[in-house]
Amino acid sequence: METNRFENKNNGLENDRDLQFLLQGGDLLKVRSSSWKKTRYFRLMEDCKTMFRESKRTFKTSKTCECCCSPSFPPSFLVDEISAVRMGRQSDGLKKNTEENVESRCFSIMFKGRRKNLDLIASSEDEARQWVDSLQKILSSLNNLSTQEKTEHWIFSCLRKSDKNKDDKLSLSELKNFMHLINIEVDDDYAEMLFEKCDKSNSGYLAGEEIKHFYDLLTHREEIDVIYGEYAKTSGFMSPQNLVDFLKKEQREDATLADAHNIIQKHEPDENAKEKKLLSKDGFLMYMHHPEALVLNPDHREVYQDMDQPLNHYFISSSHNTYLMEDQLQGPSSTEAYVRALLKGCRCVELDCWDGSEGEPEIYHGYTLTSKILFKDAIKAIKEYAFKTSDYPVILSLENHCSVEQQEVMAHHMSSILGSALITSPLGNGMPKCFPSPEELKGKFLIKGKRLNKLEATFAPDNTEDDEEDVTEEEESDDEDQDQEKKKEKKKLKLAKALSDMVVYCKSVHFHGFEDARQHLSFYEMSSFKENKALELAAESANAYIHHNVEKLSRIYPAGCRTNSSNYSPVPLWSAGCQVVALNFQTTCTDMDVNQGRFLINGKSGYVLKPAYMRDPASEFDPVTLTRGDWLQHKTLHIMVISGQQLPKLSKKKSSIVDPLVRVEVYGVPDDNAEEKTNAIDNNE
């Protein structure tokens with residue numbers, strides 16, 4: 001198709017050796033189990049966006065059926081669906097199903113969402129490295145495309161799909177098919193009018209410059225013309241001062257002339273306009289498509305808050321049963337789940353630890369059919385990925401069900417793998433009076449779990465203790481919906497001193513009321529609350545909960561009935577000052593979106609400073625009654641919805657067309673909760 005405007009330009013890799021390698025493709029051994037290893041042919045399709053896969057032949061390590069099992073992957077997948085490509089036997093599947101001698105030939109493709117990894121073996125180390133390097137390069141290239149370039153790439157891909165006979169031309173029926181692909185429903189008369197307008201040659205099809213003309217008509221943004229025209233006061237262009245006026249009035253930014261000059265230099269495609277320090281309409285559109293123009297305050301993309309406050313003065317991005325990839329009953333456990341959560345900025349991960357075979361502790365959801373992973377593998381993955389997104393401390397929340405012997409193994413693994421990054425004693429000299437700050441704990445790991453004694457005892461001159469003692473086992477399943485007889489049994493757990501000593505700032509204790517906690521618990525002793533109990537406290541005793549969290553940490557976790565890994569709203573708990581509100585990170589839902597939005601600011605550090613009135617021991621703030629105070633500041637939010645692009649289909653049916661609308665929601669204290677929406681646009685016209 002004669003649409004060079006789009007083809008491969010988007011990648012900037014037209015003559016790149018790695019791109020040519022992927023376009024040619026080759027055979028790889030796909031690994032699903034120790035006995036299921038089959039050769040598949042992989043290549044990048046011409047749209048430079050889709051990986052194609054087809055069966056070739058079978059490679060058997062033992063006697064197995066020659067027929068193909070039901071594939072876990074469709075014949076193709078989008079490059080954009082890949083989250084990472086990792087060299088070596090890093091995935092759980094490759095560690096379990098391959099031998100060490102193929103380490104250098106192995107690599108894994110990790111996907112976004114719940115899709116399973118694709119574990120592969122190349123014929124040689126060089127070939128494996130070529131695949132990894134090439135995929136990483138094109139993935140990086142696609143990720144670095146501007147929104148405008150992504151739009152062009154998407155449109156070009158749809159144009160190619162519409163050209164059924166691959167003659168580089170578009171007939172009227174192919175044009176109608178293209179409109180369906182990009183989710184636009186138009187009547188036949190309008191489609192024919194567009195077609196005739198572009199068919200300058202009267203040939204009955206569109207080719208070359210006619211397709212380009214059709215693209216220009218399709219992507220014309222009248223609403224952008226109106227906005228641009230209002231500020232383009234310098235011979236039809238925007239001067240730096242015009243741009244500053246736009247940024248201040250429309251974008252509410254404290255912009256300067258220097259900012260305007262920088263935008264023109266960065267986004268203006270016309271060299272003549274750039275030389276005259278002017279911004280054309282195309283340059284303005286390029287800027288509006290750039291992340292710099294997002295509603296997020298640009299200053300908040302970096303760490304901008306005071307990070308020298310005590311740890312409990314921050315909301316902390318937290319995960320529940322982090323090892324699970326899917327549901328709570330029979331889904332897979334994986335070290336990849338830890339990697340994904342940490343890369344999303346999660347700063348508190350959970351490890352459910354049980355005795356494993358051959359003396360090695362395992363992680364899984366007890367009394368269920370979820371699969372198991374080795375504790376040491378989880379710690380290795382956490383060590384490698386803990387500080388790639390954020391430098392601030394990671395809390396390892398241990399739910400410990402292991403024997404003393406395997407607890408000793410746990411302590412050894414954490415000590416040997418995490419090394420000096422593991423906090424095993426209080427910072428500074430003497431018994432601390434409050435938590436250290438995230439800044440002081442940068443690059444460090446904290447252990448949350450049971451402890452044999454008070455931290456104060458370690459500073460006593462006659463400090464002596466047994467190597468192991470009984471402590472009450474902490475179990476998340478200890479809910480009111482649990483069998484009553486089981487609840488009556490106070491489970492006891494012998495605790496190894498080596499593991500106990502690693503618990504410094506996050507000692508797990510049971511909650512017996514706010515007054516009891518105030519009188520008897522030290523600042524480092526923290527309780528975990530199931531969501532229903534926490535929501536009850538937040539509704540009925542919000543101010544007391546806030547006072548509790550001024551001094552201590554609180555962790556909240558989903559109810560046991562959420563076996564499908566659904567989530568609850570974290571907002572009421574944040575409003576009560578709770579810091580460690582743990583969600584199922586593997587589940588895409590509104591509640592998880594709200595959580596990610598909360599932690600999008602402050603450089604995605606995973607720590608967000610609580611408001612001053614949630615850090616004040618004398619605070620009278622109550623999110624329910626909203627008595628007068630500094631927090632009571634009425635504000636009005638004005639939002640103008642201009643337009644939307646690349647709206648997805650809700651159904652895979654070819655004829656499906658969405659009727660889009662925009663919904664804006666505000667989450668906060670009950671009085672702040674609000675929702676507004678635009679009228680739906682029938683047939684996306």
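The values are calculated or read from the model by the stated rules, or taken from the named source; none is laboratory data. What you see is a predicted model; the values in this text were computed from it and never measured. Reconstructed Cβ throughout: ideal geometry from the backbone, glycine too, with neighbour counts over all protein chains shown. Keep in mind that these areas ignore ligands, DNA and RNA; they rest on the heavy atoms of the full protein, side chains included. Shrake-Rupley method; radii C 1.70, N 1.55, O 1.52, S 1.80 Å.
Where does the chain land at 222 nm, in deg cm²/dmol rounded to the nearest 500, when only DSSP H runs of n ≥ 4 count, each adding -39500 (n - 2.57), divided by all residues?
Result for the chain: -9000 deg cm²/dmol, rounded to the nearest 500.
Sorting the segments 615-621, 196-202 by their mean number of nearby beta carbons within 10 angstrom, highest to lowest, gives 615-621, 196-202.
Considering Cα pairs under 8 angstrom that are at least six residues apart, work out the relative contact order of the chain and quote it in whole percent. Rounded, it is 11 percent for the chain. Out of every Cα-Cα pair that the stretch 150-298 contains, those further apart than 28 angstrom amount to 38 percent.
Once the 1.4 Å probe is applied to the protein heavy atoms, the stretch 150-298 comes out at 53 Å² accessible per residue.
Direction-averaged projected area, Cα convex hull, the stretch 387-457: 5.7 nm², rounded to one decimal.
Shape index of the stretch 376-419: Rg/Rh, with Rg the Cα radius of gyration and Rh the Kirkwood radius from the inverse mean 1/r over Cα pairs, equals 1.01.
Nearest 5 is fine: what % of DSSP beta bridges in the chain come out antiparallel, could you say?
Working: 49 of 75 bridges.
Antiparallel bridges: around 65 percent, rounded to the nearest 5.
Considering the chain at the alpha-carbon level, its Rg and Dmax are found to be 29.0, 99 Å. Per residue, the solvent-accessible area of the stretch 328-414 (1.4 Å probe, heavy atoms of protein chains only, all protein chains present) comes to 34 Å².
The packing ranking of peptides 295-307, 225-237, 166-178, highest mean first, is 166-178, 225-237, 295-307, where packing means the average number of other beta carbon atoms within 10 angstrom of each residue.
Ordered from largest to smallest accessible area (heavy atoms of protein chains, 1.4 Å probe), the residues SER55, SER527 come out as SER55, SER527. Judged by the mean number of other Cβ atoms found within 10 Å, the most tightly packed of the peptides 627-636, 514-523 leads the ranking 514-523, 627-636. Taking a Cβ cut-off of under 13 Å around LEU573, the surrounding Lys, Arg, Asp and Glu residues balance to a net charge of +2, with basic ones at +1 and acidic ones at -1.
With the biggest extent put first, the Cα atoms of the stretch 214-334 measure 65, 46, 24 Å across the principal axes.
Tell me the carbon and sulfur percent of the accessible area for the chain, rounded to whole percent, probe radius 1.4 Å. Heavy-atom surface of the chain belonging to carbon and sulfur, 1.4 Å probe: 48 percent. Under the simplified labelling scheme, the SER33-LYS249 pair shows an inter-label distance of 6.8 nm, with each label point 7 Å from Cα along Cα→Cβ.
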